[in-house]
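Encoded as structure tokens, the structure appears first; notes follow it.
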Amino acid sequence: MRILFVTSEAHPLIKTGGLADVSGSLPAALRNIGEDVRILIPGYRQVLDKLRNPRVLLKLKWLPIVGDVTIMGGEMPDTGVPVMAIVCPHLYERDGGPYLDPRGYEWLDNPLRFGSLSRVAAILSSKASPLSNWIPDIVHFNDWQGGLTPAFMRFSGAPCAKSVLGIHNLAFQGNCAEEWVEKLGLPYEAYHIHGLEYYGQLSFLKAGVFYADSITTVSPTYAREIQTPEFGFGMQGLLSDRSSHIHGILNGIDTNEWNPATDPHLPEHYDADTLQKKGLVKRALQEHLGLTVDPDAPLLGVVSRLTHQKGLDLFLECAGSLAEEGCQIAILGSGDPSMQQGFVSLAKAYPKQVSVTIGYNEAISHQIMAGADIFIMPSRFEPCGLNQMYGLRYGTPPVVRRTGGLADSVCDSNAESIADGTATGFVFDTADTWQLHVAIQRALACYRDKETWKKIQRNGMAQDVGWDHSADAYREVYKSLL
Ligand code: ADP
Ligand code: GLC
């Protein structure tokens, strides 16, 4: 099958979160099982700089407002997966991030920037595509940024590929003013409840949910959760209507990039049989972060966006008492200014026990994943979550809330699961500080029992967190549409 994979970020070209990891690794996994996948992505400066073998594929004329754009072909630098980048300097080649300007505000023309991504995806998915030697069978577009793709396809009137919406986070919906409907070249007649309209706005994500032939999301639990008021962010009704078209497929991770036995960011390497060498990584991390070098002090790690979703305010509330009890804490992340400030103040109060790195840093993220003893991820909701899986693979058992992909990937350690060899982490139910604190205390108790701890670590390291199984599941979804 020819599959056009439409995404607004893909590691290692450009990344703000897990969508980039998935866009970097799922297409490669699909190619490994014989499918012909190409990635379509905006030509941000970082993308054009890193693309392997860049060459002009075609020019598209007269997109609404935007004018002409060039489609540049190339390959992913690591996996060689073919990429098509939309070159349009005034839309995409800017200082700042893919979604936010350098001051942290959303780009005001995001509807145009991602409306154009969707528009180009629809043009390339038409049976009359100008790229006549590569006409896709399936267009798999991700999150709100690609959300208008099936709407443009529908209103083009031409036969097109089958469409699949991949939902990675329902909290981001790409809602914007009604005036964008006509500016983007969509028919105003479609601006109503059974179409593009969502509570008085044009909604990119709702359009995707409404018009896509099929919908995937990134864990079985999240697929159920999004059909309820608590997790549906207002779209639960429409999602329930489309229930029979929703497939929850757990993300995999790139097990080459995230491998403690070969990870180039680590000063020492280890695997399940040489876990004592993980201690050397911990030591190096303590030195690097200015923490007391102490092999016995339990080191709790966090790598995350610091936002309400991730529940790290709950962790902040109990972190002081954990430090008082002798724990060390290493945090890497950025986001909500008050949460950042809270963690920075904590680090000032416990300079030898708490380290906070505000910002985005790939090397430190790998080092915390490997050097920490326990990984903390108390998310209020988590469509899938990748860090808990990195934690499993690095012998760093995660403490997680029972939601979304966390519930589907971590097995709570209790007498029974420890005995039968399925325990991999620590799971709690309600998003409150007390429950999180209790779960961390349970983890600390196991940590002090070295033999039990090693078992839990090894169970996690043996868990299959790769893409093979999930890539097959995506293939089945695509096939069922053809
Ligand atoms: P989300 O996409 O919701 O942020 P995920 O767990 O799916 O959550 O993915 C987050 C990805 O971003 C992981 O690969 C994680 O390691 C990475 N990440 C998050 N914050 C940082 C940071 N400050 N520095 C480096 N990597 C980060
Ligand atoms: C989103 C979700 C996260 C998921 C990632 C990749 O960013 O918040 O849970 O792992 O997408 O699917």
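The values are calculated or read from the model by the stated rules, or taken from the named source; none is laboratory data. All values derive from a computational prediction rather than experimental measurement. Counting neighbours? That spans all protein chains shown, and the Cβs are built from the backbone with ideal geometry, glycine included. Accessible surface is based on the protein model in full, side chains and every heavy atom, while ligands, DNA and RNA are left aside. Shrake-Rupley method; radii C 1.70, N 1.55, O 1.52, S 1.80 Å.
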Within region 134-212, considering only helices (runs of 4 or more DSSP H) that don't extend past its boundaries, which have at least 2 residues that are without any contact (Cβ under 8 Å) to a residue 60 or more places away in the chain and farther than 28 Å from E382 by Cα?
149-156, 180-183
Condition test on Q236, is it closer than 29 Å to G342 by Cβ and polar (S, T, N, Q)?
no
Say whether the condition of being over 29 Å from the mean Cα position of the chain (by Cα), outside any helix (DSSP H, G or I) and hydroxyl-bearing (S, T, Y) is met by at least one residue in region 326-335.
no
Count of region 448-482 residues which are outside any helix (DSSP H, G or I) and loosely packed, with under 13 Cβ neighbours inside 10 Å
3
Sort out which residues of region 42-90 are under 24 Å from E257 (Cβ atoms), open to solvent by less than 30 Å² (accessible area, probe 1.4 Å) and aliphatic (A, V, I, L, M), and write them in order of number.
V47, L51, M76, V81, V83, M84, A85
Among (1) within 16 Å of ligand 2 (Cβ to nearest atom); (2) assigned to a helix (DSSP H, G or I); (3) under 30 Å from T79 (Cα atoms) - the single one Q309 does not satisfy
(3)
Criterion: open to solvent by less than 10 Å² (accessible area, probe 1.4 Å) and within 16 Å of ligand 1 (Cβ to nearest atom) - qualifying residue of L250, L306:
L306
Look at region 260-296 and say how many of its residues are part of a loop (DSSP other than H, G, I, E, B) and buried (at least 17 other Cβ atoms within 10 Å of the Cβ).
7
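Listed here are the residues, each with its yes/no results for (1) among the aliphatic types (A, V, I, L, M); (2) more than 21 Å from Y99 (Cβ to Cβ).
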{"site": "I3", "(1), (2)": "yes, yes"}
{"site": "V6", "(1), (2)": "yes, no"}
{"site": "R52", "(1), (2)": "no, yes"}
{"site": "V83", "(1), (2)": "yes, no"}
Pick out the one residue from T262, T217 that is at pLDDT 95 or above and touching a strand residue (DSSP E or B) at 6+ places or on another chain (Cβ under 9 Å).
T217
On the basis of being in contact with a Ser or Thr (Cβ under 7 Å, 6 or more places away or on another chain) and within 29 Å of T228 (Cβ to Cβ), does G195 make the cut?
no
Among the residues of region 95-111, how many are part of a loop (DSSP other than H, G, I, E, B) and free of Cβ contacts under 8 Å to residues at least 24 places away in the same chain?
10
Name the residues in region 135-155 that are open to solvent by 10 Å² or more (accessible area, probe 1.4 Å) and hydrophobic (A, V, I, L, M, F, W, C), would you?
I135, W144, F152, M153, F155
Residues located in region 12-23, provided they are touching a residue at least 24 places away in the same chain (Cβ under 8 Å) and either open to solvent by less than 10 Å² (accessible area, probe 1.4 Å) or farther than 15 Å from N251 by Cα (or both):
P12, L13, I14, T16, V22, S23
